[in-house]
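Notes for the one structure printed next.
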Amino acid sequence: MTGRARTSFAKASALAIGLLLFTAGCASNAPQDVFQPAGPEAKQIDTLQRPVFAIAIVVGILVMLVTLVVIRKFRKRKDDDGDEFPAQVHGNFKAEIAWTIAPAVLLAFVAVPTVFTVFDLAQKPPAEALTVEVYGQQWWWEYRYNFDVDGDGKIEDNEQIITANDLVIPTDRPIALRIMSRDVIHSWWAPALNGKKDAVPGRVHPLSIEAPEAKEYIGQCTEFCGLSHAEMRIKVVGMEPADFQAWAEKQIVPFEAPTDKGALAGWSTFASQCTSCHRITGMTNPSDPKSDELFEYPDVVNQVSGEVPNLTKLMARSTFAGAKFNLRLNTDECEALGEDWAATEEGLRDCFNREQFEAWLRNAPAEKAMDPGEAPNPHSRGMNNFNLTEDQIDDLVAFFITLQ
């Protein structure tokens, strides 16, 4: 290949790669698109970022054009011995003032609205805001609600809702998040609702969000936090106020022992295999279903933080395994059944993602990048492979289905 051919090939390759990278950024359905704000906080950010991006694009184009002009105009030519320098502009008072003042003016146009936006977003949420504690952990999110569910003016201990993966909130109501971490630094980000906020061990970082519509808002942990950082998803589920109230009331219904033989066997397996880490609020001793005494959980030895997802009302959620997998299959038939799909035999038969759920119970580390290690390894992270038999897996599924 001649020199000219090699040059043409290199240019064509560079152009093809550039076009490929450009088209890779285009998607018909991009739930984490910062240019599609929904909540009022996200719209404030969008109002700021669009003119800032416009200024940056104009400046970038001008800089590239000037650079190309300089490269072409002052390139070395064949008849140039290279000893002669181009005319210098050092000491040109007008030019130096221009390229000092112009950037300062541009930065002022960017800085002033940025400062006001930052202060607006940092304001304390109103008194009617619903407060939710958010805990980041390798590699999932826990949400703790503590509010007056029954509306009697008092917040009782039995009204605390502890859930994982899905942050369920009412529409058109300010939500005050208190973001924390139990291990390393994470970052909570649902771009349609607000900007990013780090979850730092030993600190509480506030963030306000508000869902204008009853739909799902997708997000992601944006601070590298280990093996499954990319699989630490965020899902915010907006509900109409009446639907949210019904969801909250359902969440605090006391645990009831299953009556089905398979579910009882699964309950026993759960108590012997899973309760060193997992919790089900109000779970009683499966050896005596009529006992009023709470089940006494063993000491946690496998998790550094001593916390894993609380499985109370598991089937009321839409995801599991740190929101990597869906509990419900995405079909029109399932959508038609609504949020109570797990309460019917039809829904469980047609909508429950049983195959993936059983694969998770069979060998969780094979389904998600984790390093559970051997207890009591202080660096263990994630769920172990408990080498369950197929009968035990069937029984556990029968038990988990009752957690509605």
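Exactly one residue out of 96, 133, 128, 142 is part of a loop (DSSP other than H, G, I, E, B) and charged (D, E, K, R), and it is 128. Counting only residues that are in a helix (DSSP H, G or I) and modelled with pLDDT under 85, segment 270-282 holds 3 of them. The number of residues in segment 166-200 being at pLDDT below 90 and in contact with a Ser or Thr (Cβ under 6 Å, 6 or more places away or on another chain) comes to 2.
Here is a yes/no grid of residues against (1) modelled with pLDDT of 70 or more; (2) touching a strand residue (DSSP E or B) at 6+ places or on another chain (Cβ under 6 Å); (3) at negative phi; (4) surrounded by 10 or more Cβ atoms within 10 Å (Cβ to Cβ):
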| position | (1), (2), (3), (4) |
| --- | --- |
| 5 | no, no, yes, no |
| 9 | no, no, yes, yes |
| 12 | yes, no, yes, yes |
| 26 | no, no, yes, no |
| 31 | yes, yes, yes, yes |
| 48 | yes, no, yes, yes |
| 51 | yes, no, yes, yes |
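The selection criterion, being part of a helix (DSSP H, G or I), under 21 Å from residue 392 (Cα atoms) and either at pLDDT 80 or above or not polar (S, T, N, Q) (or both), holds for residue 355. In segment 70-77, is there at least one residue being surrounded by 10 or more Cβ atoms within 10 Å (Cβ to Cβ), at pLDDT below 90, over 30 Å from residue 211 (Cα atoms) and of a type outside the set (Val, Ile, Thr)? Among the residues of segment 70-77, at least one is surrounded by 10 or more Cβ atoms within 10 Å (Cβ to Cβ), at pLDDT below 90, over 30 Å from residue 211 (Cα atoms) and of a type outside the set (Val, Ile, Thr), which makes the answer yes. Scanning segment 230-280 for residues that are within 19 Å of residue 189 (Cβ to Cβ) and buried (at least 18 other Cβ atoms within 10 Å of the Cβ) gives 231, 232, 233, 234, 235, 236, 237, 238. The requirement of being in contact (Cβ under 8 Å) with a residue 60 or more places away in the chain, over 24 Å from residue 120 (Cβ atoms), surrounded by fewer than 18 Cβ atoms within 10 Å (Cβ to Cβ) and of a type in the set (S, T, N, Q) is not satisfied by residue 165.
Let's see how each residue does on (1) more than 20 Å from residue 38 (Cβ to Cβ); (2) surrounded by 19 or more Cβ atoms within 10 Å (Cβ to Cβ); (3) in the same structural domain as residue 308 (by TED's automatic domain parsing); (4) in contact (Cβ under 8 Å) with a residue 60 or more places away in the chain:
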position	(1), (2), (3), (4)
178	yes, no, no, no
185	yes, no, no, no
192	no, yes, no, yes
210	no, yes, no, yes
220	no, yes, no, yes
224	yes, no, no, no
227	yes, no, no, yes
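The values are calculated or read from the model by the stated rules, or taken from the named source; none is laboratory data. Just so you know, these numbers come straight off a predicted model, no measurement behind them. FYI the Cβ positions are ideal-geometry reconstructions off the backbone, even for glycines, and counts take in every protein chain you see.
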